[in-house]
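To start, the structure itself, in structure tokens.
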Amino acid sequence: MITPHLECEEKFIAIFRKALRTGRFIGGPMVEDFERDFAGFCGTKYCIGVGNGTDALRFALIAAGIKHGELVITVPNTFIATTEAITQAGAVHQFVDINEQTYNMDVEKLREYLEKECHIDTKTGKPIDRRTKKYVSAIIPVHLYGQMADMDPIMELAKRYNLTVIEDACQSHGAEYFSKKENKWRSAGSIGHVSAFSFYPGKNLGAFGEAGAVTTNDEDIAKKIRMLRDHGQSEKYHHDIEGYNGRLDAIQGGVLGIKLKYLAEWNEKRRANAIRYNKLLSGVKGIITPHEPSWSKAVYHLYIIRIQNRDKLQKYLTENRISTGLHYPVPLHLQKAYAGMDYKQGNLQVTEKVSKEILSLPMFPGITETQQEHVVKTINKFVGTMGNNYPLSFPLNLSPPAI
Ligand SMILES: *Cc1c(COP(=O)(O)O)cnc(C)c1O
């Protein structure tokens, strides 16, 4: 099978050669070209290349003016980088649970939190959490597994409550959302006030090492992020603020520019592979396949199924040399790192339930029909060994993706 990296080998070598011969290893034209192209891909005015996705989130929060001790709402079903960035920006995360069908932020729970657990400060017009007395200043919807969160109601609530929206688009390069409000499809990273992308090698668009980017239409935020990534410099050795070392390497910018040309095609392949998995799995008892609402075009960074005996199935697949993943086995609010916060088992029940049932099947653009059939046949064999009394405890109204 031809892999993307072999297909483009000569082009990548030309990038290394260019860096060698110009001696320009950080920033410069290769980074600027990629920033322009990626902004175009997302449909935003600005893109700022940074060191990684965590930098992108942290800088986005700081540049958006999130202050020390303020609350930032996000979900417990995400990679820890989302909450690390919140803490490192000096803020505190406030979890709302996920929707059981999309695995992304439940907008009804977001609404409930803002309406019932907060009151509006008459001086600033900002919500204050009744229990902790902290200001709520931002929302980070995470577009997990390659599917966007339901952005229209999130933006509407943000407007009503004066909140900044920072999209965590680290798993959803090129995913789309149909905005009813605007009557058009919008790309991940173009709806919130500012958005973060990761180009970690395993992502849909991956560098040859660490890389990330911020996208925004806000000129002031873009300027601030350019300073933050480069020690707060407005010009060399003139530091307007204290910043960070969070720049993007020239070689990574060059590599990403080449791969970006293929991203739409690779995403289409992932979508086609997801449809094939859905069909193959439709007859398998006790399996829930991913749900794609009519307003979503997911890019299947991961293909997630749910099953009751998840751990046994994973073990069975491993024994049959099929590698799978768990994204994520421990909800963030139950992680040791957050033991000091007053979250308990039972606080965020949908995430807790789903975390025990999810399984990520092999998914990449070039996976073949034969490989997918082999995965599903093996799952079928496992389900067969469970006998006829296999518990079917899932809601049966889950429709397959409307594609
Ligand atoms: C990968 C990822 C990040 C962090 O990106 P890095 O480049 O690894 O720092 C943040 N959020 C989510 C949801 C991710 O998947």
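The values are calculated or read from the model by the stated rules, or taken from the named source; none is laboratory data. Computed from a predicted model, the values in this text were never measured in an experiment. Methodologically, a virtual Cβ is constructed for each residue, glycine included, from the backbone with ideal geometry; neighbour enumeration extends over all protein chains shown.
Looking at (1) touching a residue at least 40 places away in the same chain (Cβ under 8 Å); (2) farther than 27 Å from Gln88 by Cα; (3) more than 16 Å from the ligand (Cβ to nearest atom), can you tell me which one Ala14 breaks?
(1)
Give segment 325-345 a look and list any residue that's buried (at least 17 other Cβ atoms within 10 Å of the Cβ) and under 28 Å from Phe382 (Cβ atoms), or say none.
Correct list: His327, Tyr328, Pro331, Leu334.
Can you give me the number of residues within segment 300-323 that are touching a Leu at 6+ places or on another chain (Cβ under 9 Å) and either in a strand (DSSP E or B) or surrounded by 16 or more Cβ atoms within 10 Å (Cβ to Cβ) (or both)?
Residues in segment 300-323 being touching a Leu at 6+ places or on another chain (Cβ under 9 Å) and either in a strand (DSSP E or B) or surrounded by 16 or more Cβ atoms within 10 Å (Cβ to Cβ) (or both): 13 in total.
Please go through segment 38-55 and give me each residue that is of a type outside the set (A, V, I, L, M) and either closer than 21 Å to Val142 by Cβ or touching a Leu at 6+ places or on another chain (Cβ under 6 Å) (or both), ordered by number. Break it down into steps so the answer makes sense when it comes.
Looking only at segment 38-55, we keep the residues that are of a type outside the set (A, V, I, L, M), and these are 38, 40-47, 49, 51-55.
Matches in segment 38-55: Phe38, Phe41, Cys42, Gly43, Thr44, Cys47, Gly49, Gly51, Asn52, Gly53, Thr54, Asp55.
Within segment 238-260, can one find any residue that is surrounded by fewer than 18 Cβ atoms within 10 Å (Cβ to Cβ) and under 30 Å from Thr368 (Cβ atoms)? Full working, then the answer.
As a first pass, look at segment 238-260 and keep what is surrounded by fewer than 18 Cβ atoms within 10 Å (Cβ to Cβ): 238-242, 245, 258.
Now restrict to residues that are under 30 Å from Thr368 (Cβ atoms): 258.
Yes: segment 238-260 contains one or more residues that are surrounded by fewer than 18 Cβ atoms within 10 Å (Cβ to Cβ) and under 30 Å from Thr368 (Cβ atoms).
Sort out which residues of segment 227-237 are surrounded by 22 or more Cβ atoms within 10 Å (Cβ to Cβ) and in contact with a strand residue (DSSP E or B) (Cβ under 8 Å, 6 or more places away or on another chain), and write them in order of number.
First, the residues of segment 227-237 that are surrounded by 22 or more Cβ atoms within 10 Å (Cβ to Cβ): 228-229.
The answer is Arg229, and nothing else.
Would you pick out the residues in segment 66-91 that are assigned to a loop (DSSP other than H, G, I, E, B), within 13 Å of the ligand (Cβ to nearest atom) and within 18 Å of Ala158 (Cβ to Cβ)? Don't jump to the end; show me each part of the working.
Just the residues of segment 66-91 that are assigned to a loop (DSSP other than H, G, I, E, B), to begin with: 66-70, 75-80, 89-91.
If we keep only those that are within 13 Å of the ligand (Cβ to nearest atom) too, we end up with 75-80.
Matches in segment 66-91: Val75 only.
With segment 2-64 as the region, which helices (runs of 4 or more DSSP H) entirely inside it contain at least 1 residues that are exposed (fewer than 14 other Cβ atoms within 10 Å of the Cβ) and of a type in the set (Lys, Arg)?
Numbers: elements: 4-7, 9-22, 29-42, 53-63.
It comes to 9-22, 29-42.
For segment 312-332, give me each residue that is in contact (Cβ under 8 Å) with a residue 60 or more places away in the chain and more than 22 Å from Gln147 (Cβ to Cβ).
Going residue by residue through segment 312-332, those that are in contact (Cβ under 8 Å) with a residue 60 or more places away in the chain are 312-313, 316-317, 327-328, 331-332.
If the condition is that a residue be in contact (Cβ under 8 Å) with a residue 60 or more places away in the chain and more than 22 Å from Gln147 (Cβ to Cβ), then Lys312, Leu313, Tyr316, Leu317 are the ones that fit.
Quick one: in segment 204-230, which of the residues that are among the aliphatic types (A, V, I, L, M) and more than 14 Å from the ligand (Cβ to nearest atom) is farthest from Leu144 (Cα to Cα)?
Met227
For the subset of segment 163-203 comprising residues that are surrounded by fewer than 24 Cβ atoms within 10 Å (Cβ to Cβ) and within 11 Å of the ligand (Cβ to nearest atom), which member is nearest to Arg229 (Cα to Cα)?
Ranking the candidates gives Tyr200 first.
Here's the yes/no breakdown for (1) at pLDDT below 95; (2) touching a Gly at 6+ places or on another chain (Cβ under 6 Å); (3) charged (D, E, K, R):
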{"residue": "Val299", "(1), (2), (3)": "no, yes, no"}
{"residue": "Gln314", "(1), (2), (3)": "no, no, no"}
{"residue": "Gly340", "(1), (2), (3)": "yes, no, no"}
{"residue": "Val350", "(1), (2), (3)": "no, no, no"}
{"residue": "Lys356", "(1), (2), (3)": "no, no, yes"}
{"residue": "Glu373", "(1), (2), (3)": "no, no, yes"}
{"residue": "Asn389", "(1), (2), (3)": "yes, no, no"}
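Out of curiosity, is Lys159 more than 16 Å from the ligand (Cβ to nearest atom), free of Cβ contacts under 8 Å to residues at least 12 places away in the same chain and exposed (fewer than 15 other Cβ atoms within 10 Å of the Cβ)?
In short, yes.
Can you pull out the residues in segment 349-364 that are closer than 12 Å to Tyr328 by Cβ and over 18 Å from the mean Cα position of the chain (by Cα)?
Residues satisfying the conditions are Glu352, Lys356.
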